[in-house]
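What follows is a single structure, written as structure tokens, with notes after it.
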Amino acid sequence: MIIVMTRGSAEEQLQIVIGEIKAFGYDPHVIRGTDRTVVGAVGDERGKARLQALESFDGVEQVIPILKPFKLASTEVKQERSIVELANGLKIGGGHLAVMAGPCSVESEEQLLETARRVKAAGANVLRGGAFKPRTSPYAFQGLAEEGLKLMARAGEETGLPIITEVIAPEDVDLVAEYADIVQVGARNMSNFALLRRLGGIRKPVMLKRGMSATVEEFLMSAEYILSEGNYNVILCERGIRTFETATRFTFDINAIPLLHNLTHLPVIADPSHATGQWRLVEPIAKAALAAGADGLMIEVHTDPVHAFSDGAQSLRPDTFEKMMKSILPYAELSGLKLPEFD
Ligand code: PEP
Ligand code: MN
């Protein structure tokens, strides 16, 4: 249920409503919009009609059922686009172009630093790099773990770029969150509900990637796991889904970009690297994603793709990334995005 407070209602009235929601056995989530405050009351769907009684409380304008199964993620609860602000002040969503770039895996200090400097100079505003890698084969490179996180932190400090890196196990959430500015949940973990719940307990931004076989609704239900635990700093990432087509690694679901913007207020990032699996397709799909309204991109960049420990075939060289950045800007501009600054 959404409890819509009247314009100019008092804080005291809001606190009474919050207390009543708790007494009914529901979790109150306060969303303060520019216009008015609403409270999402989430919990057991059965018996939620009892919350309707709140309509008679002072300061309450309306109590409306949330029809979508994802509640706090829904535009029913919040129409304004959410902006996720990082510790360095970088805003993601709401009209600011975010470009997260870097290697698939952190391999060495030299590789990471060189890549970080190059992507920064080309206009990226977040550094990506995996320290814990969810690999299809248990025999493949699994990442440098904490050593990789340390290298990411160092590269972030040196370049001034905030860092995004993946967590794959619930027990590593605190460790990864200590280093990362944005904690990434990979496609293979989108339905790891224990992990999502743990991430709901931290306050660092989380970027949730869509599972390769997940519907948009399942994707948003996973986001709901994080939101319902109280972490509202959630970014979504469309990274391609599995279809009958085998000519590309995955199929980029362009529909998902405007659809997500209709269904949710959360920022939406596109990952054309994993979606296509081929570096030549990255630039055109990046343009398409921006034209469709994506709030930003995640792009894999490697100084020596042929010898990359993972995902070399889809990684751009730094000079190709630089060229791509120049060519995508008109698309970002046409979509009304504010561009990052260049060196
Ligand atoms: C990644 O971004 O490094 C990654 C593993 O991507 P995905 O989870 O989308 O496969
Ligand atoms: Mn990768």
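The values are calculated or read from the model by the stated rules, or taken from the named source; none is laboratory data. Since we're looking at a predicted model, the values are computed, not measured. No Cβ is skipped: glycine too gets one built from the backbone with ideal geometry, and neighbour counts run over all protein chains shown. Quick note on the areas: whole protein, heavy atoms, side chains included, nothing else; ligands and nucleic acids left out. Shrake-Rupley method; radii C 1.70, N 1.55, O 1.52, S 1.80 Å.
Taken over region 283-339, residues that are farther than 22 Å from Thr136 by Cα and away from ligand 1 (no atom under 16 Å from the Cβ) amount to 33. Among the residues of region 80-115, the one identified as closer than 17 Å to Arg203 by Cα, among the aliphatic types (A, V, I, L, M) and touching a Lys or Arg at 6+ places or on another chain (Cβ under 6 Å) is Ile83.
Here the condition is being in a helix (DSSP H, G or I), in contact with a Pro (Cβ under 8 Å, 6 or more places away or on another chain), within 16 Å of ligand 2 (Cβ to nearest atom) and over 19 Å from Leu263 (Cβ atoms); of Arg198, Arg188, it holds for Arg188 alone.
Filter region 107-147 for residues that are open to solvent by 10 Å² or more (accessible area, probe 1.4 Å), of a type in the set (Lys, Arg) and within 16 Å of ligand 1 (Cβ to nearest atom) and give the result. Lys133, Arg135 - these are the residues of region 107-147 that are open to solvent by 10 Å² or more (accessible area, probe 1.4 Å), of a type in the set (Lys, Arg) and within 16 Å of ligand 1 (Cβ to nearest atom). Among the residues making up region 10-58, those that are open to solvent by 50 Å² or more (accessible area, probe 1.4 Å) and assigned to a strand (DSSP E or B) are Asp27, Arg32. Scanning region 221-271 for residues that are in a loop (DSSP other than H, G, I, E, B) and of a type in the set (Phe, Trp, Tyr) yields Tyr232, Phe244, Phe250, Phe252. Considering only region 295-318, I want to know if a residue exists there that is over 30 Å from Leu144 (Cα atoms), among the aliphatic types (A, V, I, L, M) and open to solvent by 10 Å² or more (accessible area, probe 1.4 Å). No, every residue in region 295-318 fails to be over 30 Å from Leu144 (Cα atoms), among the aliphatic types (A, V, I, L, M) and open to solvent by 10 Å² or more (accessible area, probe 1.4 Å).
Within region 285-326, the set of residues being touching a Lys or Arg at 6+ places or on another chain (Cβ under 7 Å) and more than 16 Å from ligand 2 (Cβ to nearest atom) comprises just one member, Pro318. Taking first residues from region 43-65 that are aliphatic (A, V, I, L, M) and partners that are in a loop (DSSP other than H, G, I, E, B) and open to solvent by 50 Å² or more (accessible area, probe 1.4 Å), the Cβ contacts under 7 Å between residues at least 6 apart in sequence or on separate chains come to Leu51/Phe24. From the list Lys150, Lys204, the one residue that fits, being open to solvent by 60 Å² or more (accessible area, probe 1.4 Å), at pLDDT 95 or above, of a type outside the set (Ser, Thr, Tyr) and not in a helix (DSSP H, G or I), is Lys204.
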